[in-house]
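Some notes on the structure that comes next.
The values are calculated or read from the model by the stated rules, or taken from the named source; none is laboratory data. Model, not experiment: these values are computed from the prediction. Here Cβ is always computed from backbone atoms with ideal geometry, including for glycine, and neighbour counts include all displayed protein chains. Surface areas here come from the heavy atoms of the whole protein model, side chains and all, with no ligands, DNA or RNA. Shrake-Rupley method; radii C 1.70, N 1.55, O 1.52, S 1.80 Å.
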Amino acid sequence: MYAFYKALCVQQPDIVHLHGIWHPLNYWAVRAAYRRGIPFIIQPRGMLEPWAIAWKSKKKRLALSLYQRKDLEKAVLLVATSEQEAEHIRQFGLKQPIAVIPNGVDTNRFRPTQAKDGNFNGFKILAQKKPIILFVGRHVFRKGTIFLPKVTKMLLKDFPNLQMLVCGKGYMQKPVQGLTQIHRLNGSLKMLGFVSDDDLPALYALSDIVVVPSLHSESFGIPLIEAMASGKPVIATKVSGIPEVVKNGVTGLLVEKRSSKEIAESLRFLLSNPEEYLKMSKAARELAVKEYSWDNIATRIENVYLEVNKTILTPNYV
């Protein structure tokens, strides 16, 4: 705690903005800010995680530990990335105002560009071998990757050159690999493993459509806006905060969770209707630039800071 306290004494910030309440570092940061009398904002990430929801459903007002609850109650403002997440925060019985500010994306890095052959972790991906469907995320059960082998199998008859690229690491890798062998996909589904942030823009550029088959607990979903900024329509499930990001029939298509059939049918529709695909591609890019570019998000965060502390002068940006 002394290190935080010393840093606050030296820097003398007007506001402290904390991301999360579950990490010990945030515990000490809250106390240091409180002792110095510095107002702080908390973005309580993880409130839609399954264990947090289970706690909440048992005893809403006693769901959080004593320390975590006191931390949240001392904050002058809470920040959620979606209305869905804000609603869950409210159900814990907290009284502070909640500002809804989504995550942002660098629309200069993630943008429509010409696809080029790429090598990702030893996998050679050919741009001309189409279509290419992409999943980016952790391999945990709630991300729904377990349905991707069956989806791939259902599409191969109509699209024999299809490539399903599955990125990420996690405990669901082996089950997905097992189903890939059971369905005899013969390399049509490629488990790329962890892909670095530097390689992600090129991977989105190679893809035609991004699929997000989550089952629950998606407060926002950064791959959604990375895909949209890259001009890629998204097929995603109607869970948590996803419908707030993906505009059904405009920037992508929303499907029921746990439905391999609906995911496959939606992919087949877009791949078979180039006019609809191009309309959604254009709309996805436009929405990402308008709503989720970092310039836009930074302005919204700055406005929150100004509202919290009226004495802060608006910076002059060069």
- Message: Of everything in the stretch 171-189, what is open to solvent by less than 30 Å² (accessible area, probe 1.4 Å) and outside any helix (DSSP H, G or I)? Give them in sequence order.
- Response: 172, 185, 188, 189
- Task: Give the number of residues within the stretch 31-83 that are open to solvent by 30 Å² or more (accessible area, probe 1.4 Å), assigned to a helix (DSSP H, G or I), at pLDDT 80 or above and out of contact with any helix residue (DSSP H, G or I) (no Cβ under 7 Å at 6 or more places or on another chain).
- Result: 2
- Query: Checking residue 151 against (1) open to solvent by less than 10 Å² (accessible area, probe 1.4 Å); (2) more than 23 Å from residue 276 (Cβ to Cβ); (3) not charged (D, E, K, R), which test does it fail?
  - Reply: (2)
- Note on the structure: Flagged in the stretch 197-256 as within 16 Å of residue 271 (Cα to Cα) and acidic (Asp, Glu), in numbering order, are 208
- Query: Any residue in the stretch 126-147 that is touching a Ser or Thr at 6+ places or on another chain (Cβ under 8 Å), under 30 Å from residue 282 (Cβ atoms) and open to solvent by 60 Å² or more (accessible area, probe 1.4 Å)?
  - Reply: no
- Flag if residue 232 is basic (Lys, Arg), open to solvent by 30 Å² or more (accessible area, probe 1.4 Å) and modelled with pLDDT of 95 or more: no
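Could you say which residue among 279, 261, 257 is farther than 23 Å from residue 156 by Cα and open to solvent by 20 Å² or more (accessible area, probe 1.4 Å)?
Of the residues listed, the single one that is farther than 23 Å from residue 156 by Cα and open to solvent by 20 Å² or more (accessible area, probe 1.4 Å) is 279.
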- Look through the stretch 154-163, keep the residues that are hydrophobic (A, V, I, L, M, F, W, C) and in contact with a Pro (Cβ under 8 Å, 6 or more places away or on another chain), and return whichever of them is surrounded by the most Cβ atoms within 10 Å (Cβ to Cβ). 162
- Query: All but one of (1) touching a strand residue (DSSP E or B) at 6+ places or on another chain (Cβ under 6 Å); (2) open to solvent by 30 Å² or more (accessible area, probe 1.4 Å); (3) hydrophobic (A, V, I, L, M, F, W, C) hold for residue 250; which doesn't?
  - Reply: (1)
- Query: When you go through (1) out of contact with any Leu (no Cβ under 7 Å at 6 or more places or on another chain); (2) aromatic (Phe, Trp, Tyr); (3) assigned to a loop (DSSP other than H, G, I, E, B) one by one for residue 159, which number turns out not to apply?
  - Reply: (1)
- Please give the number of the condition residue 254 fails out of (1) aliphatic (A, V, I, L, M); (2) more than 16 Å from residue 147 (Cα to Cα); (3) under 19 Å from the mean Cα position of the chain (by Cα). (2)
- Item | Single unsatisfied condition, residue 9 versus (1) surrounded by 13 or more Cβ atoms within 10 Å (Cβ to Cβ); (2) modelled with pLDDT of 65 or more; (3) hydrophobic (A, V, I, L, M, F, W, C) | (1)
- Which of the residues that make up the stretch 104-125 are open to solvent by less than 60 Å² (accessible area, probe 1.4 Å) and at pLDDT below 95? 115, 118, 120, 125
